[in-house]
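Participant: Got a structure here, written out as structure tokens. Questions coming.
Bear in mind these aren't lab numbers, they're just calculated from the coordinates by the rules spelled out. Since this is a predicted model, take the numbers as computed values, not measurements. Note that we place each Cβ from the backbone using ideal geometry, even for glycine, and neighbour counts take in every protein chain shown.
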Ligand SMILES: Cc1ncc(COP(=O)(O)O)c(C=O)c1O
């Protein structure tokens, strides 16, 4: 913390990792790329405890490839939580199938097993338990319902790489899973994602679908290295208070969030796969090397989030007007986000900014009644209620004890101020 200012986010990678990626980008040839990517996939599979891991350009494309590989097609249904990232339900109609939204727990924000059960029809082929905000779903109940109804389980681990449910890493519990490693995730490969599966046939079909894509363009990865270094510098305590924080305050006074607006991805309904800018490009050694380095400290990075999150859970439990998250029994969250709800959310955010704390509403959407998915309309009251007044408090691994104490005091006094 410098001058009592706390950024909403701080990256998990080091400048050394970014610079070694840049060096590898200049040097590595196709053989070195293939070797490094295979090493990263092998280490990742070992970490999660699954037989097959395959690097893909993005989680959404990985999800598409998994659906295709398990034979989802015209007339099939895929159950997706009503609170998630738009790009996931957007993949399902590309295969001629229907996304069917099922509600989440009001404060857990993750798939409600009974809502999943109620959404099953004879056409249901798969369910996507999404471990949102780093919180594992109630996988015991979900697995049982899925088994009874012959539904395949594809875990969405985009926000929970390394988290556990009853001691098992998420991604190992269902038959298949996907993860993503963009610059803002809990571990990063600059850009890129992974799918895992326990099914050798599915793994072979995913690999076959990826064959022939050229490598990710060097220029795209060089841009990620540059953006990553800029993020690291801009959120560093020595610079943040004097640069980004004033921009956030002024931007918000002018009615525009200067971080969310330029970096947020516009929500669209894809009409073809190629309209998703994530769909092409084989992984390179530069990504795999950063990934390997990050895997070496994933439990330390997640552990710092857990320490911070648990402290917030306790300290903010009884703040008037504020609802803190709940967690399914057996879930061991990694606090990718610390999400609270408050009926005067916008006023609370402004009061926190005044106290030097930047927060965000994040980039999830409620999909029970979303304009992009009108033909799949289905009541998800908890998802809609949660989205209306939700905000993310800082919980990133670079927070110090002094930051946390300042944050807790700021939330308590801001909540009193807004009433
Ligand atoms: C829960 C969730 N699922 C899926 C995705 C999609 O990941 P990608 O951008 O790699 O396609 C995201 C993106 O952050 C996400 O938060």
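Participant: List the equivalent ellipsoid semi-axes of the range 20-174 in whole Å, largest first, each obtained as the square root of 5λ for an eigenvalue λ of the Cα gyration tensor.
Facilitator: Equivalent ellipsoid semi-axes, largest first: 30, 18, 14 Å.
Participant: Something else now. Run through the DSSP bridge list for the chain and note the antiparallel percent, rounded to the nearest 5.
Facilitator: Roughly 60 percent of the DSSP beta bridges within the chain come out antiparallel.
Participant: Here's another thing I want to ask about it. Have a look at 263, 101, 13 and tell me which one the Gaussian network model of the chain (Cα, springs below 10 Å) gives the largest fluctuation.
Facilitator: Most flexible of the set in this elastic network: 263.
Participant: Could you tell me which of rounded, prolate or oblate describes the range 24-73, using a ≥ b ≥ c as the square roots of the eigenvalues of the alpha-carbon gyration tensor, with rounded for a/c under 1.5 and, failing that, prolate when a/b is larger than b/c and oblate otherwise?
Facilitator: It comes out oblate by the Cα gyration axes.
Participant: Please work out the C-alpha center-to-center distance from the range 71-109 to the range 348-401 and express it in whole Å.
Facilitator: The range 71-109 and the range 348-401 have Cα centres separated by 19 Å.
Participant: Give the average over all directions of the projected area of the C-alpha convex hull of the range 10-53, one decimal, in nm².
Facilitator: 4.1
Participant: No solvent, one uniform scatterer per C-alpha: report log10 I(q)/I(0) for the range 365-419 via the Debye equation at q = 0.12, 0.25, 0.27, 0.31 1/Å, two decimals.
Facilitator: -0.50, -0.94, -1.02, -1.15
Participant: May I pose another question? Report the full-extension gain for the segment residue 307 to residue 409: residue separation times 0.36 nm, less the Cα-Cα distance, to one decimal in nm.
Facilitator: 35.0 nm
Participant: For 166, 289, 220, 311, what ranking results if the residue with the fewest other Cβ atoms within 10 Å of its Cβ goes first?
Facilitator: 166, 220, 311, 289
Participant: Hey, another quick one. What's the exposure ranking of 384, 12, going from fewest to most Cβ atoms within 10 Å?
Facilitator: In increasing order of surrounding Cβ atoms, one gets 384, 12.
Participant: Using 0.36 nm per residue, how much length does the chain from residue 388 to residue 239 gain when fully extended, once their Cα-Cα distance is taken away?
Facilitator: Value of the extension gain: 50.4 nm.
Participant: Would you calculate the volume per residue, in Å³, of the smallest convex hull containing every Cα atom of the range 125-273?
Facilitator: 175
Participant: Residue 267 to residue 297: FRET efficiency via 1/(1 + (r/R0)^6), r the Cβ-Cβ distance, R0 35 Å, to the nearest 0.05?
Facilitator: 0.55
Participant: State the extension gain, in nm to one decimal, for the chain segment bounded by residue 229 and residue 74, taking 0.36 nm per residue of separation less the distance between their alpha-carbons.
Facilitator: 51.4 nm
Participant: Which semi-axis lengths, in whole Å and largest first, follow from the square roots of five times the eigenvalues of the Cα gyration tensor of the chain?
Facilitator: Semi-axes, largest first: 32, 27, 19 Å.
Participant: Could you list 400, 197, 189, 184 so that the one with the fewest beta carbons within 10 Å of its beta carbon is first and the one with the most is last?
Facilitator: Result, fewest neighbours first: 400, 184, 197, 189.
Participant: For the chain, what's the relative contact order in percent, using C-alpha pairs closer than 8 Å and at least 6 residues apart?
Facilitator: Value for the chain: 26 percent.
Participant: Between residue 274 and residue 168, what is the spin-label point distance in nm, taking each point 7 Å from the Cα along the Cα→C-beta axis?
Facilitator: Distance between the two pseudo-spin positions: 4.1 nm.
Participant: For the range 267-419, just the Cα set please: Rg and Dmax, both in angstrom.
Facilitator: Gyration radius and largest Cα-Cα distance of the range 267-419: 18.8, 52 Å.
Participant: Here is a follow-up. Could you check the spin-label model distance between residue 106 and residue 377? Points 7 Å from the Cα along Cα→Cβ, value in nm.
Facilitator: Spacing of the two 7 Å Cα→Cβ label points: 2.4 nm.
Participant: Right, next: What ranking, highest mean first, results for peptides 233-243, 408-418 when packing means the other Cβ atoms within 10 Å averaged over each residue?
Facilitator: Answer by packing, highest mean first, reads 408-418, 233-243.
Participant: What distance in nm separates the simple spin-label points at residue 32 and residue 209, each placed 7 Å from Cα in the Cβ direction?
Facilitator: Label-label distance for residue 32 and residue 209, simple model: 3.2 nm.
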